[in-house]
Amino acid sequence: MSSNLPTNLGKYQVTGLLGKGAMGVVYKAQDPHIKRTVAIKTVRRELLDADQEAQLVMRFKNEAQAAGGLSHPGIVAVYEYGEEEELAFIVMEYIAGSALDAYFKQGVRFPLVDVVSIMAQLLDALGYAHGQGVVHRDIKPANIMIMTNGKLKIADFGIARVGDSELTQVGMVMGTPSYIAPEQYMGKGRVDQRADLFSVAVVFYQLLTGEKPFTGASDAVIYKVCHEQPALPSAVAPDRHIGHFDAAIMKALAKQPEERFQTAKEFYDAILQAHRAPAMVALSEETIIHRPAPVAPPSTDNSSTSMPPSHWDANLLKEVEGRLARIMGPFAKIMVRKAAKLTNNIDELYQRLAQEIEQATDRTEFLNTRTTLTQITGTSLSGSHIAREVISQDAIDRAARLLAPYIGPIAKILAKKQASKSDGLQDYHRQLAENITNPQERERFMKEIATPTGK
C-alpha cells in the first residue's frame, strides 16, 4: 500500500485509493472484525470555510441517516458516519462497477432491452425509498452505479429528504441543473417523490437518445426545464425506433407534478406496457464496463451562497459570475464570492478565478472577458490594489506535481488553496513545504521546486 495513504480511518484498515474529488477522497478499506470490504468517502474539513463545512458535514450526516435506514439490493448501503481529526467520513458498501455517467462519457449506445432494465431497476429501488419516506432529490447518471454483474444501485443520498426533515434552506437550490425538476428551481410547494420521477425521465431520455432533453449554459437549462417542452425522443433519434416510449417520457417530464406519474410503480408499469415484454433483471454482458469505479465524492457545486462582500459593487460581481458560469456552471457564484473577499482589485479577482479553471482554453476564454467588462457594466473598476504577487497557474500545477509524491492526491487541492494566501512565490513554496512532516523530505521538496524547469 502507498505510504501516502492513511493506515486507518476509525476501526477500518485502508487498503487502497478509489478516487478523489475537489474536497475529498474515497478509500477502499476493510472492516477488521467481520472482514468486509467497504468504501470510505471523506471530506477534508479544514479546506472549507465555516459555512461550507457546516453544509457538507450536514450532507454527510443526512446521507448516513437517509441511506442508512434503507435496505434494498438497488441502494448502496451506508454503514457508519464518523469524524477523525480533520476528516468527516461515511463508510458504505463497496461497489465493483461504474457509474452510468462513465458509460455516457464513453459513448455507449444502450440496446433497448438494457435501457428498460436500467429503468426497471432504478424505479424499483426508488419506489422502495419513497415508500420509506425518503426522496433522493439528486438522481443523475453519476449517482447510478452499474455493477459488474449488470445490477444497478443508487448512490449519494446526501441531499435526500427524510420524512418531514428538510436539509435545504429557503431559497437554496440543491441538485444538478439538467436533472432537477421545475419545482426544485421555483420553490413552489414541497418537493416530493414526483421530483425524483422527473429526474428519472431525464435519464431515460438520455439513455434512449444519447442526448439530454435540456441543454445549454446553466441559465438556459434552468429556463428550459421550467418553461420549454423538449423534442420528442423519437424525433431526436429516429434511427432508434423508440416512438412507443414518447408518451411515457413526456408525461414524466411534465412541468406540473400533478401531471406526471404519481408513483414510481406507475412509471414502471407504463414503460413495461410500452416495451411489451418483461424487463431483464440485469444488463446484458456485452454492455457492461468491466472495471471497478468508486462512488463519487460529494460535489460542492450546489452549496448555499453568501451575500457579496460589502466593498464590491453587487452588479459588477454579478457580471463576473455570468462570465465564469459559462465555464464553471452554478459553482461560479460561490467562487466569485470567495475570491472577492480576498481582494478589491478587478484584475486580481480575475487572476484568482482563472487559477481555479483547469483547462487552458477555458482559462483563456474567461480572462478575455475582462476587457469588455467596463463598457458592459458601466461601473468603475478602480479600487485600492492589494499588493500581493499572483501565483500563476503553471506555478500551481508544477507545485502540485512536485508535492504529490510526498503527501498524495491532496497536493492538488492544497496547491490551489495556498496560492491565494501566499505573499509571493517563495512564501508559497515555503507554506506548501509545511505540509510535509519528514524534515529530509521537506528539504528535498524545497530544492526540487527551487530548481528552474528543464534543469
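Remark: S234, S117 ranked as S234, S117, counting other beta-carbon atoms within 10 Å and listing the fewest first.
Take 122-130, 26-34 and order them by the average number of nearby Cβ atoms within 10 Å per residue, most first; the result is 122-130, 26-34. Listed by chain and number, the lysines whose C-alpha is less than 21 Å from the C-alpha of K421, apart from same-chain residues fewer than 8 away, are K333, K338, K341, K412. Between the beta carbons of K265 and D219, assuming R0 = 41 Å, the FRET efficiency works out to 0.70 to the nearest 0.05.
Multiplying the residue separation of E443 and R36 by 0.36 nm and subtracting their alpha-carbon distance yields 142.5 nm.
For G16, the residues whose amide H sits under 5 Å from its own are K28, ignoring neighbours fewer than 5 places away on the same chain, with H placed 1.01 Å from N. Between A404 and K251, the FRET efficiency estimated from the beta carbon spacing at R0 = 60 angstrom works out to 0.75.
Placing dummy labels 7 Å off each Cα toward the beta-carbon, the span from E434 to A277 is 6.4 nm.
Going from the fewest other Cβ atoms within 10 Å to the most, the residues K11, K153 appear in the order K11, K153. A simple spin-label model places pseudo-atoms 7 Å from Cα toward Cβ; at E365 and L112 they are separated by 3.7 nm.
Available extension along the chain between H244 and Q13 is 78.1 nm, counting 0.36 nm per residue and deducting the alpha carbon span. Highest mean packing first, where packing is the average number of other Cβ atoms within 10 Å per residue, the peptides 209-215, 236-242 line up as 209-215, 236-242. Karplus-derived 3J(HN,Hα) values for region 95-110, using 6.51 cos²θ - 1.76 cosθ + 1.60 with θ = phi - 60°, are 10, 8, x, 9, 5, 4, 5, 5, 5, 5, 5, 8, x, 5, 9, 6 Hz; glycine and proline are entered as x.
Near E80, the amide H atoms lying under 5 Å from its own belong to V91; only residues 5 or more places off or on other chains count, and H is placed 1.01 Å from N. Here K265, K333, K412 are placed in order of increasing Cβ neighbour count within 10 Å, fewest first, which gives K265, K412, K333. Report the calculated FRET efficiency for A231 and E286 (r = Cβ-Cβ distance, R0 = 25 Å), to the nearest 0.05. Once the sixth-power term is evaluated, E becomes 0.25.
Laboratory data are not the source of any read-out in this text; all were calculated from the coordinates shown. Note that the structure is predicted; figures quoted are calculated from it, not measured. No Cβ is skipped: glycine too gets one built from the backbone with ideal geometry, and neighbour counts run over all protein chains shown.
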